[in-house]
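Below: one structure, written as structure tokens.
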Amino acid sequence: MKIKKYKAPSMPEVMKQVRKDFGTDAVILQSRQIKSGGVLGLFKKNYIEVVAGYDPDPVKPAKKAAMKKEAPAPKKENLQEDLADVPHSKEMEQVYNLLAAQSRQLQLKFTPDEQLVYDRLITREVLPDIALDIVKEAANMIVSSKEDTAQTLKQMVHESIEKRLENLQLGFSYPYKVIQFVGPTGVGKTTTIAKIAAQMQLTENKRIAFITLDTYRIAAVEQLKTYAKILHIPVQVAYNKQEYRQYIEQLQQDYDVILVDTAGRNYRDEAYLTDLVDWVNPNEVTNYLVLSMTAKPKDFLDIYGKFAAIGIHGLILTKFDETEQYGNILNAVSTYDDIRIGFITNGQDVPEDMIHPTFSQLSHYITGEGQ
């Protein structure tokens, strides 16, 4: 057998060289990606290196009188093990993932209408297991009602979702007059506080005061001061824990509600969360976690789980107008107990852009029929 090594920037170029030397009967013995060229070890380029072979006198198989039996198909588990042992490129890995996904999809055994509903829930970023349970539950309802139509399926899906949402509490409640707004960076805590303050003034006639702990960003302090001036609300800036507790004691004597803007930081920073617990430790405090609806499903659930350590009384969901994926609401309710949604915000206008949703509205948003 003749063996030769080839190198080229891409696989098609390598194969062109192999076919030129050995023809179509060549055998690829090995292939790998290498880096070559450059100056002093820098600016190296990616190349494909192939070892090819050609046997001009192959041993011909002996003829058999009987027809050769068809080889049995490899078992699924063996095939997966074989594929796992074969080195492959990113493109091939994508192909393997696609085949695996198609295999899982075939196991769902949906009707066309059920598949459409399932796909719709997935595009709304409902977690696959939850979407699967909802569609199966809705399909079972149809079997019981004996009305097999696409419209009936949609109705049953809404009923299934609303049933899950029954564990959700709606409405902004605050058992304690000091209300702290916590959450990661960039979720809109400061603007949300201004909206809530304005609504409290207009609908509840409350006397309100602001405290900000967000001294990491000068712009955040100035933004809250601007809102405070417009709403005729006093604002205090606390630079340490002692000042914070002093302001609470002072303001509680003259005001009905104290809204506290905490600093947004990286929620994965354990030191920050530990420090936050110490800062937000005064007795009789209501904690609202502010989360953006644009967060990825896994991040959304992770953030809630991290902040739950400090004791969360409810959620404020922001940026409702910046996405069409509302599955996070259903994912959270299905994952954690005793969740309350105080407000949903859908814009920057103060105080107008606030939503007080019903279970039916949330169900239609989750399925994509609420816009």
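The values are calculated or read from the model by the stated rules, or taken from the named source; none is laboratory data. This is a predicted model, so every value here is computed, not measured. All Cβ positions, even for glycine, are placed from backbone atoms using ideal geometry, and neighbour counts span all protein chains on display. Calculation scope for accessible area: heavy atoms of the full protein, side chains included, ligands and nucleic acids excluded. Shrake-Rupley method; radii C 1.70, N 1.55, O 1.52, S 1.80 Å.
Accessible area per residue for the stretch 169-233, computed on protein heavy atoms with a 1.4 Å probe, is 45 Å².
Counting only protein heavy atoms and using a 1.4 Å probe, what share of the accessible area of the stretch 152-237 belongs to carbon plus sulfur, as a whole percent? So the carbon and sulfur contribution to the accessible surface is 49 percent. As an exercise, use a Förster radius of 25 Å and the Cβ-Cβ distance of residue 3 and residue 35 to find the FRET efficiency, rounded to the nearest 0.05. So, using R0 = 25 Å, E works out to roughly 0.60.
Structure note, pairs 298/319; 45/296; 109/154; 136/306: Cα-Cα distances above 29 angstrom occur for 45/296; 136/306. If the segment from residue 185 to residue 129 were pulled out straight at 0.36 nm per residue, it would be longer than the present Cα-Cα gap by 17.2 nm. Seen through its C-alpha gyration tensor, with square-root eigenvalues sorted a ≥ b ≥ c, the stretch 143-267 comes out prolate because a/c lies at 1.5 or above while a/b is bigger than b/c. Spacing of the modelled spin labels on residue 321 and residue 240, each 7 Å from Cα toward Cβ, amounts to 4.2 nm.
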